[in-house]
Structure formats: C-alpha cells, structure tokens
Amino acid sequence: MAKICKNIVWVFGLFIFTIAGSTPKMMEEEDYDNNNFNERLENPTERPKAKKDVNILQISGTYPPEVLKALHEAIGKKETISSTLVDKLVPEDNKIIFTIQLREPMTRQDVIQRMSEAVAKNAKLELDSVKVSKYDAYTGTVSMFFVAHAKKGNHTGILKLRPAAEIMERLSTKKRLQNAAGSIKIIDIYDGHDYNQHYSNGKKVSVQSIFSDKNWEAWQLAILISASLFAMFSVFIVVQMFISSHRLTKNKVRPLDEPRHVILQPILRPAVAGVGIIQPPPQPRNLQEVVASGPPAVDTDSENTPSPLRSPLRRGRGLLERRGSNASLTLDLNRSQENICCGTPPKECSAEEYLQSAAKRLTRRQLRASLKDVKALHTEFWEIPMNHPEKVIVAGSGTKNRYKTILPNETSRVQLYEKCDDPLSSYINANYVRGYSGESKAYIATQGPLPHTVNDFWLMVWREKSPLIVMITKLKEKLKVKCEPYIPDYQDRYNDIEVTVTRVIPREGYTVRELFLRRGSETHIVHHFWYTTWPDHKTPATAKQLIGMALETEAMRVGDTGRPKGPMVVHCSAGIGRTGCFIAASIGIQQLLEENSVDVLGIVCSLRLDRGGMIQTAEQYEFVHQALSIFELTMPGKPSGD
C-alpha cells in the first residue's frame, strides 16, 4: 500500500441517533451497535433490522496509511472509534475550530453541550446537525463539523458533511455568539485550514486584551509589559527626585527678612476712668482746654461728623506691635484732612492700654457706610490685641477646659464654691463681662459644658441667679462634639439641683425653654434660648433672627422694673467667637437706642479686657456691623438725607 493513497471510506455506525434526537456528545462517548456494524461490512446489501433509525455519515478524502490502519483495527476489535480518529477523518474544509476560555469550572460534557447549543442557536441550525469531534482542554480548542441529510430510506439516513465556509457565513458576530455561550468566553473562530496555517503545532499562545477583542501574541505581550514597567519606573524616579529637591529646599537656611518699615502714628488715648467702654468727654471751648481736658466730644446727631481715632494711612501692625513692643511708638507723618480727636502725647502703648483707650464712634450713617469698605473693617479688627491669658493660676484646671488655648482672664474669672479646700472645685472656664455703660457682671461668657463640668455649669447658674441662658451652638457640628447636652428632655438632677422643663416655645431661628430649678426648699426660674441656625465656621446669612433674640433676652434680663435680675449666661463651644458676636450686638443695640450712635471698636476692646479673644474672626467683626446696621434701619427718627 502506498504511503498516501486515495480511498473512499464508508463508515457505518459512526453516529447513531434516534429520530427524537440526542444530545451532542464526544464521539468516544457515543453508543454504537458494533454487531450491526460488522454485519453490514460482511453483507452490505442487507440492512439491519434496528428498532431505531440509523444515520450513516459518508466521509471521503485523502488519508495517510496510519489513519486507515487505525480505522480498520478499531472496526476489527469492535471498539468505539476515538474522537481523535474521527477528527482526522473529517476534512479540514468541513471543520470549524473555536478557541475558548472557561469563566467557571465546567465538565467536558457541559462544555460540549453549551458550545453546541450556542453555535446551533447563532447559526440557526438544528442541534442534531452540530457535531463536536474534539475538545482539547489544554489548548482550549473545540473542533466542530456540521452534517445535513442527503436522502433517507427505510430506517436509514445518509448524512453529508457541510462546508465550513457555509457555516462561517451563517455565524453572526463573535460577541453575540459569546453571549449565547454564557460562561464560555470565545476568543477566536477559524476554519480548519486557517487554524492549521496559523498554529501548525496545534497549540496557541494568546492573551485576551483588556482593551479590545483582539488577541496578543507572546512577543507583543512581552513588549507591552516591558513598556509598562519602564513607564512605572520612570514615574517613580521623577517622584523621588521631586520629593528630594523639595526636602533640600525646605532645609536650606533662609535669609533673614529685611526689617519691616513701621509707619509711626500717635495712639489716641482719651481720658478715661477705669477700663469700661470709652466715650469722648464734652468738647471744650478753646485750644488750651483741648490740651488740658483731652479730645473733643463727637456730635452723634450730626451725620457729617468724621470718624475719629483712625488715620486712613495707618498700616496693620504685627503681633509684637499689638502687644506693646518698642516698635509701637508711632507718629503720623501725613496730616489727615479729617477732624482727628487728639489725645495724650505719643508714647509706648501696651495691649491693655490699647484695649482701655481705643474707640471709634460711628453715627448711624457712618455705620452703614462702614460696610462699603470691608477691607478697612478687617484691618481695624486685626489691630485689636487678642489679650489671651497664657495660663491660669489654678493647678489642674486644664482638665476642665474644652480647648487648651482658650483660658479665662484671671481678673474677671467666675469662681464657684470651694469644696474641701480644693481650689480646683471652684474653677470654671467662665468670665464676667461688662455690659452697656460699664454695667458690671451684665453677662457671663463661658464655654460649652464638658461631660464632667455639667454640674459646675448648673451650680454657676444657681449661684449667680442667672435669669437667662443663651446657647449659640449645636451639640455636634461636622461630626465634632461642640457641647455636652445639659438640658433634660423633661426633668433631671445635677448633683443637688433639680432641673425641670416646664414649657417649650419655638421661635424663628431659635427655641425658648422655661426651666424650673429646685435646690432643697429654694426655687429659681431660668429661660433658655437656643440659637441653632449659625453655620459652622461661618456667619449667618442674615442677622434678623439674632437681633430678635438679643432684644427678647435683654427685655427679660432687665424686666419691667428696669433693674437687672442677674447676669445673662452666654456660651457657644469655646465661649469667645459666637458668644462675643451676640454680646457685642446686644450692647451695640442698647448704645444705638440711648446715644443714636455706636462704638463697635470700643465694645470689642472692652469685651477682650474681660475675656480674651472675644470675636475670633474679621468676618464675625463685620457681621456685628451688619447686625447693628440692620437694627439701625428699624429705629425711628432717621436723620434727614438718609
């Protein structure tokens, strides 16, 4: 026999399917009737009397001798023909090879079943016409061929192979076929000839691109990975060089700054008695009396009166200057066109002296006009010394402070009853604050109570017989605790003080609660005002609600008799920012009503003498001017020309 010979092979019994149809299987898993197969070879004219229909597949082609020998041996031994042999018998023109990747673990039978169903559905073929000749899990390939009925006799059908090109035309896009396969990812589709030309050794190395449906060869993948690693390494080197250069620049010795030029100007210090809010004395009649008695008085009824105590050429001073360093000797080098109120001759001025003497009375028109120059207001604010105390003489008091840098001024600090000769028991972070016209102990500015200082807070309210508590903070703001809850829902006891909420009155922007306090046989009534519309780290959009609360609280504090009932307790979180705004606005409203003018600068200086840092930001200082300007518009008797 020649090495390669032309043979026409009729294979009987290769595929036996019932008319009802069977599930596609591997060829080696088919159920063959070998006895009928041998009988047909001995007597081909006889047809087996099978109870089932028999389909005979006719295959013709050029085969090597070893393939024919293996076929005859399988027939002679009555063995099942292997899938490898069947795959060799089917010509390449009739095979379609799929390269797949499993997305989940599957058995061989499940792979064959799903691939057959997906291809049949996509190509619109009958399931019986799709045959899987080989599935190689190692290379991830599935070899298929397709059959069609040529003719059908008595219980016998002749099947013919369909060309692979015909089936390839019927297959739609790979994406739709892949979706039909479900958990099987179809990477490539080839007919038999194309596959052998590309991969003659039967193996394929391909990586599915994450960017497209194209396949990458091994050398392409190597170049891609190398380029990616090189790019990452380059970026890493650049970042390291940037960080190193930044550190070197930061560690270099910087040259000393040039000395700052200080513009000198006299500090105007009108004659005062004590440290209250400074008001100018009556205007003298001649120059000698001016020198003897101090600055002239300001006519608050006149809208043309210039604003005293500030030169438009004065520059904002640094921290050392505000605290009274040697550089704070000032001299006005440019004569102002305004009628400046001159006071004592220029000399050193400490922070305390500045707070005692600084004043800037504004008429109603000047108050409104001040808001047009916000930059000047901010500059004026930052010139005011903060007057923060550096320490407290009470040992261990740090545990009772909410913020370690916000301490009470010692001269005005509120002191509780001392217990068991323990000075710490009398400590609370609170200060007495003077009100309008120097009224002593008009207010108590304090921090929001801590969990272990709530009892001290209520003891202070009881001891001072405070008729009012003003709370200008939420319990939490931006997930940060600002104040410990110290008001019961209905009733609670704080040491020996029983607090009961008897009434809740909602207002626009704030809530009023009437509290009944009992300590033994003594009782006391306190009204609690809770302002909740102040945004965190900002100022309210409008001051109308704050003005309404200030008017209502002041009316309750004084009462019908006109005599104060006790100090009004005001607190936010630290007890200086929002607390200072409210107290300054309340005092400013009283000053506008009584004098038809206001001195916001003098009010803030007075507040900081009593408690350091009152009104924390320039925006809050501007907000106080806005609030007083809004209130001024509601006052009767506006001057002509407004």
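Kindly indicate whether F211 is open to solvent by 90 Å² or more (accessible area, probe 1.4 Å), over 25 Å from K88 (Cα atoms) and modelled with pLDDT of 70 or more.
no
Only one of I615, I583, I587 is closer than 22 Å to N431 by Cα and assigned to a loop (DSSP other than H, G, I, E, B). Can you tell me which?
Only one candidate passes the filter, namely I615.
Specify the residue that is surrounded by the most Cβ atoms within 10 Å (Cβ to Cβ); the eligible residues are those in the stretch 113-147 that are among the aliphatic types (A, V, I, L, M) and part of a loop (DSSP other than H, G, I, E, B).
L125
Would you check if V558 is over 35 Å from the mean Cα position of the chain (by Cα) and free of Cβ contacts under 8 Å to residues at least 24 places away in the same chain?
Taking the combined requirement at face value, the residue satisfies it.
Which residues, taken from the stretch 535-555, are open to solvent by 30 Å² or more (accessible area, probe 1.4 Å) and either closer than 21 Å to F457 by Cα or among the basic types (K, R) (or both)?
Once the filter is applied, which keeps residues that are open to solvent by 30 Å² or more (accessible area, probe 1.4 Å) and either closer than 21 Å to F457 by Cα or among the basic types (K, R) (or both), the stretch 535-555 yields K538, K544.
Residues to consider are E508, E514, E522; find the one that is under 15 Å from V461 (Cβ atoms), open to solvent by 40 Å² or more (accessible area, probe 1.4 Å), among the acidic types (D, E) and in contact (Cβ under 8 Å) with a residue 12 or more places away in the chain.
E514
Taking only the stretch 537-560 into account, find how many residues are assigned to a loop (DSSP other than H, G, I, E, B) and among the polar types (S, T, N, Q).
2
Table: residues versus (1) closer than 28 Å to T617 by Cα; (2) of a type in the set (D, E); (3) modelled with pLDDT of 95 or more; (4) open to solvent by 20 Å² or more (accessible area, probe 1.4 Å).
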| residue | (1), (2), (3), (4) |
| --- | --- |
| A395 | no, no, no, yes |
| C420 | no, no, no, yes |
| N431 | yes, no, yes, no |
| G438 | yes, no, no, yes |
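I'd like the full set of residues that are open to solvent by 50 Å² or more (accessible area, probe 1.4 Å), within 21 Å of Q113 (Cβ to Cβ) and at pLDDT 60 or above, limited to the stretch 150-178.
Once the filter is applied, which keeps residues that are open to solvent by 50 Å² or more (accessible area, probe 1.4 Å), within 21 Å of Q113 (Cβ to Cβ) and at pLDDT 60 or above, the stretch 150-178 yields only R170.
With the structure loaded, tell me whether L468 is under 26 Å from E418 (Cα atoms), surrounded by 15 or more Cβ atoms within 10 Å (Cβ to Cβ) and among the hydrophobic types (A, V, I, L, M, F, W, C) or whether it fails that test.
Spelling it out, L468 is indeed under 26 Å from E418 (Cα atoms), surrounded by 15 or more Cβ atoms within 10 Å (Cβ to Cβ) and among the hydrophobic types (A, V, I, L, M, F, W, C).
The values are calculated or read from the model by the stated rules, or taken from the named source; none is laboratory data. Predicted, not measured: the structure shown is a model, and the values here were computed from it. As a convention, Cβ positions derive from the backbone with ideal geometry for all residues, glycine included, and neighbour counts pool all protein chains shown. What goes into the accessible areas is simple: the full protein's heavy atoms, side chains included, and nothing from ligands, DNA or RNA. Shrake-Rupley method; radii C 1.70, N 1.55, O 1.52, S 1.80 Å.
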